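Engineer: Have a look at this one before I ask anything.
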Amino acid sequence: MDMPTPNPTVLAKKPRLVQRLRQVLPADAVIDDLSETRAYECDALTAYRCPPLLAVLPSSTQQVSDVLRICHEEGVPVVPRGSGTSLAGGALPTADSVILGVARMNEVLETDYDNRIIRVQSGRTNLSVTGAVEAEDFFYAPDPSSQLACAIAGNIAMNSGGAHCLKYGVTTNNLLGVTMVLMDGTVVEIGGAHLDAGGLDLLGVICGSEGQLGVVTEATLRILRKPEGARPVLMAFDSNEVAGACVSDIIKAGVLPVAIEFMDRLCIEACEAFAKAGYPQCEALLIVEVEGSEAEIDDQLTRIIEIARRHNPLELRESQSAEESARIWLGRKSAFGAMGQINDYMCLDGTIPVSALPMVLRRIGELSREYGLKVGNVFHAGDGNMHPLILFNANMPGDLEKCEAFGADILKLCVDAGGCLTGEHGVGIEKRDLMLHQYAAEDLEAQMAVKDVFDPQWLLNPAKVFPLSVSESRRAVQVAAE
Amino acid sequence: MLRPESEAELAQIVAGLTAPVRIRGGGTRGVPGPDAELDVSGLSGITLYEPGALTLVAKAGTPVAEIETALAAEGQRLAFEPMDHRGVMATEGTPTIGGVVAGNISGPRRIQAGAARDFLLGVRYVDGMGQVISNGGRVMKNVTGYDLVKLMAGSWGTLGVLSEVSLKVLPKAETQATLMVSVPDAGTAVRALSAGLGSPYEVTGAAYDPALGQALVRIEGFEASVDYRAEALSRLFAPFGTVARLEDDPWPGIRDVTPFQGRVGDVWRISVKPGDAPELAERCKAEALLFDWGGGLIWALMPEGADLRGRLGEFAGHATLVRGDRTQRAMFQPEPAPLAALSRGLRQRFDPKGLFNPGLMG
């Protein structure tokens with residue numbers, strides 16, 4: 001994965017930049033020592049690292065505005081960072097960039113149960129948003145696996161999803177408003193506690209723009225009342241195809257579970273060895289969860305189990321207690337950790353139409369044999385969001401490259417099956433160079449036109465999302481502006 | 001009149017345009033603009049429908065009714081419940097899915113299920129240079145590149161002419177029930193509706209008709225579950241007023257604002273924080289009001305030419321002039337300067353010659 005050559009003019013500005021930033025931020029909020037900037041050299045895509053020029057940790061919208069204004073005047077690229085949990089390299093710095101971390105901005109500004117909203121600073125973690133309202137039995141719905149650590153800022157940047165978005169939607173469906181700072185320091189308020197935009201839906205395009213349009217400092221989020229209860233059922237099948245057909249039939253039958261999770265044999269075995277969740281040994285496992293009162297849950301599960309029986313399951317295990325529910329989820333939730341025990345892995349995020357599931361799984365199996373690398377599949381089956389985990393050995397020369405080539409083939413397969421490169425992790429640098437497989441040049445041009453409007457000099461997170469060759473002339477503006 | 005029959009022909013026509021046009025789907029929503037029309041109704045037909053994947057793709061000029069019929073045959077529906085403007089606008093014609101998307105048109109279920117924009121998975125459109133652009137796709141989760149899908153929803157044609165849209169659909173509920181609470185005023189109504197929407201009972205409609213003094217709450221799902229929740233909600237609403245289960249289905253009427261149909265005056269649509277609604281509605285001094293979305297959407301029937309935005313003053317939200325003289329007054333709430341600059345910048349990039357519905361959105 002290439003990154004642009006650092007701009008020497010910017011590198012030479014470091015002392016001057018530090019001096020200017022210290023005029024607007026507390027001394028400990030400007031980090032310029034290499035031993036400390038190294039903490040920001042990568043996000044969760046750890047294969048790629050580069051310490052930034054410096055890092056700043058503002059604690060207010062005003063400070064963010066001051067930082068951006070100064071960087072704008074100096075022509076210095078800025079890479080926004082939430083908690084650094086991106087699997088796509090969304091927060092990967094370049095040597096000539098300033099990391100702007102929002103971690104110190106983590107306050108709850110307002111909770112309003114009557115209007116079902118919460119307003120938070122964007123550095124607040126996803127899970128702690130729910131934490132702030134759960135005493136009143138409310139929750140914030142999007143639940144990415146990294147929810148303990150990931151920040152709302154990053155959730156908005158990547159339009160994060162989670163296991164329960166089949167029912168509740170992803171970040172964009174639960175975001176009502178933002179306070180955002182543009183690259184020139186202008187502070188804008190978009191949306192609020194009301195629904196829908198009065199003009200163009202700017203909020204809609206900001207969500208998922210990977211920190212390239214502005215830095216979100218505050219967010220108004222929709223909160224929901226918790227359901228009375230939830231209960232999962234575990235289903236074991238002897239082939240991926242049958243499990244896939246069962247998913248499709250459940251959806252067609254008019255029951256909308258809150259989650260349908262899928263694991264294949266390699267993942268099941270890994271989870272079993274790691275978490276001892278008591279999963280049956282089989283080719284494909286589904287976890288289907290429904291919500292409501294006890295009686296409603298019984299009713300829905302009866303319907304779902306009836307459908308599942310038609311597909312000759314090897315086992316159907318309806319949870320009988322909170323403890324059993326927790327154990328059913330335990331394996332799924334520790335899947336990534338379990339795979340990590342076996343080897344290094346790369347986690348993909350392509351989405352496919354649910355109907356293409358059996359074909360895509362079969363083809364991934366063939367590719368796995370061709371590349372000689374094992375792959376486990378665990379994913380949100382209800383919405384076709386796959387997470388193939390390719391196992392490789394980072395210490396073996398050439399293995400990472402082979403793994404990346406395999407990953408690229410899987411993602412192209414997803415696109416060719418009618419899907420897309422990324423369902424919830426974002427493009428970052430990881431899928432950047434594959435964008436032309438999904439989009440024509442003019443499609444990318446239309447997207448880049450949006451960035452031209454918000455950030456004409458392409459200073460915000462410039463080397464992400466778009467293939468470097470495609471964004472080259474725009475990024476050159478930044479150098480020419482010197 | 002320009003009436004392409006295919007996306008390629010649409011692109012060719014746009015590339016050759018030298019003067020602004022008004023984009024027309026079914027012509028039912030009364031969009032103001034130049035006399036010259038670009039009629040998209042020739043681009044019609046469902047191109048893909050996979051009930052098992054909850055996905056439907058249709059050309060922009062496809063009649064909404066055709067889509068709803070196809071969905072109903074599989075026990076599914078457009079969950080955002082798009083409004084039919086014909087009654088309140090006194091128009092004729094056939095509403096199209098492109099018009100629904102372009103206007104981000106949603107109904108009562110928006111409060112729970114989401115708006116048209118939330119169900120839009122992908123778009124194809126022709127930009128102001130005559131290029132066909134594709135964004136999003138047909139899968140439910142997609143964060144590949146910028147979400148121009150959301151930007152196109154509610155852009156009223158000012159950024160491009162939609163040629164095809166891809167939608168997430170949902171199962172139709174087995175049954176529904178409506179509870180009616182008799183309430184003395186808007187304040188009580190909004191408090192009651194908030195209690196319902198803040199309950200675990202999945203309210204999918206929350207309206208208030210001040211003319212009847214009725215707060216209305218809808219629940220949907222399997223029969224046993226609906227009964228259970230109707231019981232629970234009846235107990236919850238008891239402190240606010242007398243509760244009864246309504247036999248009729250009032251929701252199509254609320255969706256289409258039927259109480260305003262046939263009445264003279266301007267029709268406004270105001271989006272606010274529900275808790276602000278009673279006081280803001282008071283400021284309107286309207287001839288009639290109808291509240292939806294738990295109070296978050298206020299429909300106001302005003303004397304012709306009344307300056308509603310002036311009466312409201314500063315408020316958090318926005319007011320749209322749905323029916324009235326839009327040559328005198330902007331259809332959409334004027335944006336603060338920095339946002340207006342961004343919106344203008346986007347329009348200039350997507351439609352540099354200013355061909356599509358110029359002036360409509362600022």
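The values are calculated or read from the model by the stated rules, or taken from the named source; none is laboratory data. Just so it is clear, the model here is predicted, and its values are computed rather than measured. Positions of Cβ are generated from backbone atoms using ideal geometry, with glycine treated the same way; all protein chains shown enter the neighbour counts. For the accessible areas, the whole protein counts, side chains as well, though only heavy atoms, and no ligand, DNA or RNA atoms are used. Shrake-Rupley method; radii C 1.70, N 1.55, O 1.52, S 1.80 Å.
Engineer: Under a point spin-label approximation (7 Å from Cα along Cα-to-Cβ), what is the A:V108-B:L17 distance to one decimal in nm?
Structural biologist: Result: 4.9 nm between the two label points.
Engineer: Where Lys and Arg each count +1 and Asp and Glu each count -1, what net charge lies around A:R49 among other residues with Cβ under 9 Å from its Cβ?
Structural biologist: Values: positive: A:R38; negative: A:E41.
Net charge in that neighbourhood comes out at 0.
Engineer: Further question on the same structure: Viscosity 0.890 mPa s, temperature 25 °C: give me the Stokes-Einstein translational D for segment A:230-326 in µm²/s, with Rh taken as the Kirkwood radius over C-alpha pairs. Working shown, then result.
Structural biologist: Numbers: Rh = 13.5 Å.
Diffusion coefficient, whole number: 182 µm²/s.
Engineer: Here's something else I'd like to know. Compute accessible area for segment B:252-276 by itself and then with all protein chains, 1.4 Å probe, and report residues whose area falls by 10 Å² or more.
Structural biologist: Those are B:S271, B:V272, B:K273, B:P274, B:G275, which lose 10 Å² or more relative to the chain on its own.
Engineer: Please work out how much accessible surface A:C42 shows to a 1.4 Å probe, ignoring ligands, DNA and RNA, in Å² rounded to 10.
Structural biologist: Surface open to solvent at A:C42 totals about 20 Å².
Engineer: Can I ask one more? Please list, in order along segment A:454-471, the HN-Hα scalar couplings obtained from phi with the Karplus expression 6.51 cos²θ - 1.76 cosθ + 1.60 (θ = phi - 60°), rounded to whole Hz, x for Gly and Pro.
Structural biologist: Values, residue by residue: 7, 9, x, 8, 6, 9, 8, 6, x, 9, 10, 6, 9, x, 4, 5, 6, 9 Hz.
Engineer: Run through every distinct alpha carbon pair of segment B:103-165 and return the Kirkwood hydrodynamic radius in angstroms, one decimal place. If you can, show how the numbers build up before the last one.
Structural biologist: Numbers: mean 1/r = 0.0821 Å⁻¹.
For segment B:103-165, the Kirkwood estimate is 12.2 Å.
Engineer: Return the Rg/Rh ratio of segment B:140-206 with Cα-based radii and a Kirkwood Rh.
Structural biologist: On the way: Rg = 18.8 Å, Rh = 16.4 Å.
Ratio of gyration radius to Kirkwood radius for segment B:140-206: 1.14.
Engineer: Accessible area, 1.4 Å probe, largest first: how do A:K14, B:K172, A:K451 sort?
Structural biologist: Numbers: A:K14 60, B:K172 110, A:K451 0 Å².
From most accessible down to least: B:K172, A:K14, A:K451.
Engineer: Restricted to Cα positions, what overall size does segment A:374-482 have along the principal axes? Three whole-Å values, descending.
Structural biologist: The principal-axis extents, from largest down, are 48, 36, 19 Å.
Engineer: Could you tell me how many cubic angstrom of Cα convex hull volume segment B:175-255 has per residue?
Structural biologist: Values: hull volume 6.5 nm³, N = 81.
With only Cα atoms used, segment B:175-255 gives 81 Å³ per residue.
Engineer: Right, something else. Less than 20 Å from a label point 7 Å out along the Cα-to-Cβ axis of A:E404: which backbone N atoms in segment A:33-64 qualify, by residue?
Structural biologist: Under cut-off, by backbone N: A:41-52.
Engineer: For segment B:7-171, compute the orientation-averaged projected area of the C-alpha convex hull (one quarter of its surface), in nm².
Structural biologist: Working: hull surface 37.4 nm².
Value for segment B:7-171: 9.3 nm².
Engineer: Here's another thing I want to ask about it. I'd like the residues of segment B:285-320 whose 1.4 Å-probe accessible area shrinks by no less than 40 Å² going from the isolated chain to the full set of protein chains.
Structural biologist: Correct list: B:H318.
Engineer: Which lysines have a Cα less than 30 Å from the Cα of B:K285, not counting those fewer than 8 places away in the same chain?
Structural biologist: B:K273
Engineer: Quick one: net charge of A:A103's neighbours, Cβ under 10 Å, K/R +1, D/E -1?
Structural biologist: Working: positive: A:R81, A:R104, A:R124; negative: none.
Residues close to A:A103 contribute a combined charge of +3.
Engineer: I would also like to ask the following. Over the Cα atoms of chain B, what is the Rg over Rh ratio if Rh follows Kirkwood? List each step's numbers first, then the result.
Structural biologist: On the way: Rg = 20.7 Å, Rh = 21.2 Å.
Rg/Rh: 0.97.
Engineer: Simple spin-label model, 7 Å along Cα-to-Cβ: A:Y48 to A:M396 in nm?
Structural biologist: For the pair A:Y48/A:M396, the computed spacing is 2.4 nm.
Engineer: With every protein chain in place, what's the accessible area of B:R255 (1.4 Å probe, Å², nearest 10)?
Structural biologist: Using a 1.4 Å probe on the heavy atoms, I get roughly 60 Å².
Engineer: Also, I was wondering about something else. Ranked from highest to lowest mean number of other Cβ atoms within 10 Å per residue, what is the order of the peptides A:160-169, A:236-245? Could the numbers behind the result be given before it?
Structural biologist: Numbers: A:160-169: 23.5, A:236-245: 20.4.
For the peptides A:160-169, A:236-245, the packing ranking is A:160-169, A:236-245.
Engineer: Could you tell me the distance between the Cα centroids of segment A:285-336 and segment B:61-109, to the nearest Å?
Structural biologist: Centre-to-centre distance over Cα atoms comes out at 36 Å.
Engineer: Stokes-Einstein diffusion coefficient for segment A:46-93 at 4 °C in a medium of 1.567 mPa s, Rh from the Kirkwood formula over Cα pairs: what value in µm²/s?
Structural biologist: Working: Rh = 12.1 Å.
In µm²/s, the coefficient rounds to 107.
Engineer: May I ask for log10 I(q)/I(0) of segment A:51-189 at q = 0.12 Å⁻¹, from a Debye sum over the Cα atoms as equal point scatterers with solvent left out?
Structural biologist: -0.49
Engineer: Between B:I23 and residues 5 or more places away or on another chain, which pairs have amide H atoms under 5 Å apart, with H built 1.01 Å from N, and which residues are they?
Structural biologist: Those qualifying (amide H under 5 Å, at least 5 residues apart or on another chain) are B:L38, B:N357.
Engineer: Please report the Cα spread of the protein assembly as shown along all three principal axes, rounded to whole Å, starting with the longest.
Structural biologist: Principal extents (Cα only, largest first): 76, 66, 55 Å.
Engineer: So how far, in whole Å, is the C-alpha centre of segment A:189-207 from the one of segment A:102-130?
Structural biologist: Taking the Cα centre of each part, segment A:189-207 and segment A:102-130 sit 18 Å apart.
Engineer: For A:D344, what residues show an amide H to amide H distance below 5 Å, using hydrogens built from the backbone and excluding near sequence neighbours?
Structural biologist: A:F392, A:A394
Engineer: Which residues, if any, in segment B:337-362 have at least 20 Å² less accessible area in the whole protein complex than in the isolated chain, probe 1.4 Å?
Structural biologist: Those residues are B:P338, B:L339, B:L342, B:S343, B:L346, B:R349, B:F350, B:M361.
Engineer: Set the Förster radius R0 to 35 Å, insert the Cβ-Cβ distance between B:R245 and A:N312 as r into 1/(1 + (r/R0)^6), and round the FRET efficiency to 0.05.
Structural biologist: On the way: r = 43 Å, r/R0 = 1.22.
Plugging the Cβ-Cβ distance into 1/(1 + (r/R0)^6) gives 0.25.
Engineer: Also, I was wondering about something else. Give me a single rounded figure for A:96-109: the average over its residues of other chain Cβ atoms within 10 Å of their Cβ.
Structural biologist: 0
Engineer: On average, how many beta carbons from a partner chain sit within 10 Å of the beta carbon of a residue in A:418-424? Numbers along the way, then the final one.
Structural biologist: Details: counts 7, 7, 11, 4, 5, 6, 3.
Across the residues of A:418-424, the mean count of other-chain Cβ atoms within 10 Å is 6.
Engineer: Report, to the nearest whole %, how much of the accessible area of the protein assembly as shown belongs to carbon and sulfur atoms, 1.4 Å probe, protein only.
Structural biologist: Working: 14320 of 28900 Å².
Answer for the protein assembly as shown is 50 percent, counting heavy atoms of protein chains only.
Engineer: Another one. Can you give the accessible area of A:D344 in Å² (nearest 10), computed on protein heavy atoms with a 1.4 Å probe?
Structural biologist: 60 Å²
Engineer: Expressed as a fraction of 2.2 N^0.38 Å, the rule-of-thumb size for a compact globular protein of N residues, what is the C-alpha radius of gyration of segment A:1-112?
Structural biologist: 1.06
Engineer: Also: Express in % the proportion of alpha carbon pairs of segment A:338-389 at distances exceeding 17 Å. Walk me through the intermediate numbers first.
Structural biologist: Working: 470 of 1326 pairs.
When every Cα pair of segment A:338-389 is considered, 35 percent fall beyond 17 Å.
Engineer: Still on this model: Seen from all sides and averaged, what is the projected area of the convex hull of the Cα atoms in chain A, in nm²? If you can, show how the numbers build up before the last one.
Structural biologist: Numbers: hull surface 90.1 nm².
Projected area, direction-averaged: 22.5 nm².
Engineer: When the chain is fully extended, how far beyond the present Cα-Cα distance does A:T302 get from A:S469, taking 0.36 nm per residue of separation?
Structural biologist: Values: separation 167, 0.36 × 167 = 60.12 nm, distance 5.44 nm.
Full-extension gain reported as 54.7 nm.
Engineer: Just how many pairs of Lys in chain A have C-alpha atoms closer than 16 Å, counting pairs that are eight or more places apart or on different chains?
Structural biologist: Lysine pairs satisfying the spacing and distance rule in chain A number 9.
Engineer: From the phi angles alone, apply the Karplus equation (6.51, -1.76, 1.60; θ = phi - 60°) to segment B:337-349 and give each ³J(HN,Hα) in whole Hz, x where the residue is Gly or Pro.
Structural biologist: Whole-Hz 3J(HN,Hα) from phi for segment B:337-349: 3, x, 6, 4, 5, 5, 4, 5, x, 5, 4, 5, 7.
Engineer: When you take every Cα atom in segment A:170-222, what is the radius of gyration, and what is Dmax, the widest Cα pair distance, in Å?
Structural biologist: 10.3, 30
Engineer: Can you tally the net charge around B:T175? Count Lys and Arg as +1, Asp and Glu as -1, for every other residue whose Cβ sits under 12 Å from the Cβ of B:T175.
Structural biologist: Details: positive: B:K172, B:R218, B:R229; negative: B:E174, B:E220, B:E223, B:D227, B:D249.
Net of charged neighbours comes to -2.
Engineer: Could you sort A:K13, A:K464 by their accessible area in this structure, using a 1.4 Å probe and putting the largest first? Don't skip to the end; give the middle numbers.
Structural biologist: Details: A:K13 40, A:K464 5 Å².
Sorted descending by solvent-accessible area, the residues read A:K13, A:K464.
Engineer: Please list the non-local residues whose amide H lies under 5 Å from the amide H of B:A60, H modeled 1.01 Å from N, same-chain partners needing a gap of 5 or more.
Structural biologist: Distant-sequence amide H within range of B:A60: B:E164, B:V165.
Engineer: For chains A and B, what's the summed buried accessible area, probe 1.4 Å, to the nearest 100 square angstrom? Can you show the working numbers first?
Structural biologist: Details: alone 19370 and 15870 Å², together 28900 Å².
Accessible area lost upon association: around 6300 Å².
Engineer: Counting Lys and Arg as +1 and Asp and Glu as -1, each charge on the Cβ, what is the dipole of the protein assembly as shown about the Cα centre in debye, to the nearest 20? Present the calculation step by step, with values, prior to reporting the outcome.
Structural biologist: Details: 76 positive and 106 negative charges, 236 e Å.
Here the protein assembly as shown has a charge dipole of around 1140 debye.
Engineer: So, for segment B:162-236, what is the accessible surface per residue at a probe of 1.4 Å, expressed in square angstrom?
Structural biologist: Values: 2410 Å² over 75 residues.
I get 32 Å² per residue for segment B:162-236.
Engineer: Enumerate the calculated ³J(HN,Hα) couplings along segment A:360-369 in order (Karplus 6.51 cos²θ - 1.76 cosθ + 1.60, θ = phi - 60°), each rounded to whole Hz, writing x wherever the residue is Gly or Pro.
Structural biologist: 5, 5, 4, 5, 4, x, 5, 4, 4, 5
Engineer: Moving to a separate point now. Where does segment A:177-262 land on Rg(C-alpha)/(2.2 N^0.38 Å)? Don't skip to the end; give the middle numbers.
Structural biologist: Values: Rg = 20.3 Å, N = 86, 2.2 N^0.38 = 12.0 Å.
The value comes to 1.70.
Engineer: Can you work out the FRET efficiency for the pair A:K226 and B:A316, with r the C-beta to C-beta distance and R0 = 25 Å, to the nearest 0.05?
Structural biologist: E between A:K226 and B:A316, to the nearest 0.05, is 0.35.
Engineer: Let me check the size of segment A:292-447 from its C-alpha atoms; what are the radius of gyration and Dmax in Å?
Structural biologist: 18.6, 57
Engineer: Among the aspartates and glutamates, which fall within straight-line cross-link reach of B:K141, defined as a Cα-Cα distance under 12 Å, with same-chain neighbours fewer than 8 residues apart omitted?
Structural biologist: A:D349, A:D383, A:E424, B:D118
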